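Heads up: the structure comes next, in structure tokens.
Just so you know, all these numbers are worked out from the coordinates, no wet-lab data involved. Predicted model, so just to flag it, every value in this text is computed and none were measured. Cβ atoms come from the backbone with ideal geometry, glycine included; neighbour counts cover every protein chain shown.
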Amino acid sequence: MIEKVSGRKLFIGYMGLFMMLIGVILLVPLIMIIFYQEDYIYAKDFILPGISSIFVGFFLYLLIFKKEKGNLKKGSDIALVLTIWLLAILISSIPFMLTGKFNFTQAVFETTSAYTTTGLSVVDVSVTPHIFLFYRSFMLFVGGIGLVLILTSATSDSRSMNIYLIEGHNDKLLPNLIKSSRLIFSIYFGYMILGVCLYLLAGMDLFDAVNHSMSALSTGGFSTNPASIGGYNNIWIEMVTVLLMILGSTNFIIHYYLMRRKFKEAFIHFEFEVSGILLCVVLPLLVLSFVRSGYDLLTSCRYGVFEFFSALTTTGFQIIPDYSKTSGTTQIIIIILMIVGGQCGSTSGGIKQGRIGLAFKGILNYLSIKNKTEHVISTKYYNKFGNKEILTNDAVNSSFVYILLYLSLLVVGSFIISFGGYDFGDSFFEMTSALGTVGLSVGITSYNTAPYVLWTLAVGMFLGRIEIVIVFEFFMNSFKIKKRGIVKKYDKENT
């Protein structure tokens, strides 16, 4: 009879499985030594923590190897996801620290920015070895698709797929969840290869093409060029980048329907209404703000389109020379876009267009009821993947709760940063970028930034990627706080 494991042993066993995955992630950048042999001196910085993580993880995994797996205790599934992400960040920061050029705070900040697909950085890419530049981009790629999904794609463990759903996703494309995870990974990897090919055609070299394709598709924003995408001054490279940013910020279910040629299900979706309104209203205002800053109309259109999609998709690439020198109007518009973010079920951050859309539909529904002279009960609908869905109070309330939590954390974080003597407007911009996992900066984030500011931004990045409600759910379970009905465990209505 096969032994059945559950509870603490199951928790530790899964943790061991993910530690092995993290170890493999650390060893992948060693491929760069084949092409850049001068980087061999950094091999030990990856081999030591990588092999150690695999070794320790293997012995922990033996607790559940070839054994029937039971269920985790209530709340342990959320704790496991948080533990997995924290382990990934801490273990992956070791290569940076072993170089002797980064302290613990800087190393953790960089890896947090990478796995959360933010793109804020304390690294000077002009002097950084190729192996570390690739390492950062690879972490973006892994973080964008999700640590749990990559493991689920490589195994046949249906239990780990349940953990994946808690990671902030609900991408059930096929009836079989494991097949869904593998399909998502295939789509993601296929787009990455497409991006590399398009970048090569646009004039990038292979190393830059691979790094920028992973970075753009994961809506991360790390660049191998000190001046980001603007450093290439190439309109074709900018167009490829915009395409990849849009693909990365689009719900994976939309991609699946496009592959199946189900265009009605793909495009008749309420999140496109949100992005369409922003495109028609906010983009012209952004272009006008660049015109008022002294740029000619053609340059303003070029800057406006690129920065619009970079902020809305929460990628963080830029082609303008310096955000700190843009007008206040431009920065306010960019902040709004960063707060909104991309679509639910994508690699992007922010509040997400799905929640914004449901919140506004709830407001319109409330106003329409107030304006009626008779108390008539009417059912409101919204388009979701080609189908008419009922606009429920639960979905609207859940969206408003998330938005309130998000904005509250944004204000608190901005105040904390401003205590260091920074202008509150600049602090608000930087915190918006961190919490929205965007990566645009007005200059606060740098190698010499005060540790408490880096930790504040790192916490913001972590909360923005993991999904705020999940973290609150964990603490509510830990302290046995009675939960309200409007805070749903997986926020299913919004994904």
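Within a 10 angstrom radius of the beta carbon, how do Phe102, Phe263 rank from fewest other beta carbons to most?
If I rank by nearby Cβ atoms, fewest first, I get Phe263, Phe102.
Roughly what % of Cα-Cα distances in the stretch 30-140 sit above 22 Å, to the whole percent?
41
Of Cys344, Cys301, Cys197, Cys280, how do they rank once you tally other Cβ atoms within 10 Å and put the fewest first?
Least to most surrounded, the residues fall as Cys280, Cys197, Cys301, Cys344.
Can you give the extra length, in nm with one decimal, that the chain gains between Ile336 and Phe104 once fully stretched, where that is 0.36 nm per residue apart less the Cα-Cα distance? It would help to have the intermediate numbers written out before the result.
Details: separation 232, 0.36 × 232 = 83.52 nm, distance 3.26 nm.
So the extension gain works out to 80.3 nm.
Sorted from largest down, give the three principal axis spans of the alpha carbons of the stretch 318-366, whole angstrom values.
Per principal axis, max minus min of the Cα coordinates gives 42, 26, 11 Å.
Ignoring everything except DSSP H segments at least 4 long, calculate the 222 nm mean residue ellipticity for the chain; use -39,500 (n - 2.57) per segment, divide by total residues, nearest 500.
The helix-only estimate for the chain comes to -20500 deg cm²/dmol at 222 nm.
Convex hull over the Cα atoms of the chain, averaged projected area in nm²?
Seen from a random direction, the Cα hull of the chain projects 25.4 nm² on average.
Could you give the length gained on full extension between Ile31 and Ile390, defined as 0.36 nm per residue of separation minus the Cα-Cα distance, in nm?
124.2 nm
Report, in listed order, any pair from Lys361/Lys388; Lys264/Lys384; Lys9/Lys73; Lys325/Lys352; Lys44/Lys66 with a Cα-Cα distance greater than 22 Å.
Lys325/Lys352; Lys44/Lys66
What ranking of Ile470, Ile390, Ile89 emerges when the number of other C-beta atoms within 10 Å of each C-beta is taken as an exposure proxy, fewest first?
Exposure proxy ranking, most exposed first: Ile390, Ile470, Ile89.
Go through the stretch 249-324 and name the trypsin sites (Lys or Arg not before Pro) that are in a DSSP coil and have 13 or fewer other Cβ atoms within 10 Å of their Cβ.
Arg260, Arg261
Quick one: which of 358-371, 205-218, 317-330, 427-440 comes out on top by average Cβ neighbours within 10 Å, and what's the full order, highest first?
427-440, 205-218, 317-330, 358-371
What FRET efficiency comes out for Ser408 versus Lys9 if R0 is 45 angstrom and r is the Cβ-Cβ distance? Round to the nearest 0.05.
0.75
Simple spin-label model, 7 Å along Cα-to-Cβ: Ile235 to Val291 in nm?
Here the answer is 1.9 nm between the modelled labels.
In the stretch 1-88, which trypsin sites (Lys or Arg not before Pro) are in a loop and have at most 16 other Cβ atoms within 10 Å, using DSSP for the loop call?
The qualifying sites are Lys66, Lys67, Lys73, Lys74.
Per-residue HN-Hα couplings for the stretch 426-440, Karplus 6.51 cos²θ - 1.76 cosθ + 1.60 at θ = phi - 60°, whole Hz, x for Gly and Pro?
These are the phi-based 3J(HN,Hα) values: 5, 5, 5, 4, 5, 5, 4, 5, 6, 5, x, 6, 9, x, 6 Hz.
What residues qualify as long-range amide H neighbours of Gly420, i.e. H under 5 Å apart, gap of 5 or more or another chain, H built at 1.01 Å from N?
For Gly420, no residues qualify.
What's the local net charge at Gly316, with K and R +1, D and E -1, over the other residues with C-beta under 15 Å away?
Neighbour charge sum, excluding Gly316 itself: -3.
Sorting check: for 442-449, 236-243, which peptide has the highest mean count of neighbouring beta carbons within 10 Å, and how do the rest follow? Could the numbers behind the result be given before it?
Values: 442-449: 16.5, 236-243: 20.9.
Result, highest mean first: 236-243, 442-449.
Quickly rank 21-30, 187-196 as a protection proxy: mean count of other C-beta atoms within 10 Å, highest first.
Values: 21-30: 20.5, 187-196: 17.8.
Highest-to-lowest ranking by the protection proxy: 21-30, 187-196.
Where Lys and Arg each count +1 and Asp and Glu each count -1, what net charge lies around Tyr447 among other residues with Cβ under 12 Å from its Cβ?
-1
Roughly how many whole Å is it from the C-alpha centroid of the stretch 73-142 to that of the stretch 376-443?
Using only Cα atoms to place each centre, the spacing works out to 24 Å.
Enumerate the residues in the stretch 319-341 having an amide nitrogen under 19 Å from the point lying 7 Å beyond the Cα of Leu364 toward its Cβ.
Under 19 Å, as judged by backbone N against the label point of Leu364, lie 340-341 of the stretch 319-341.
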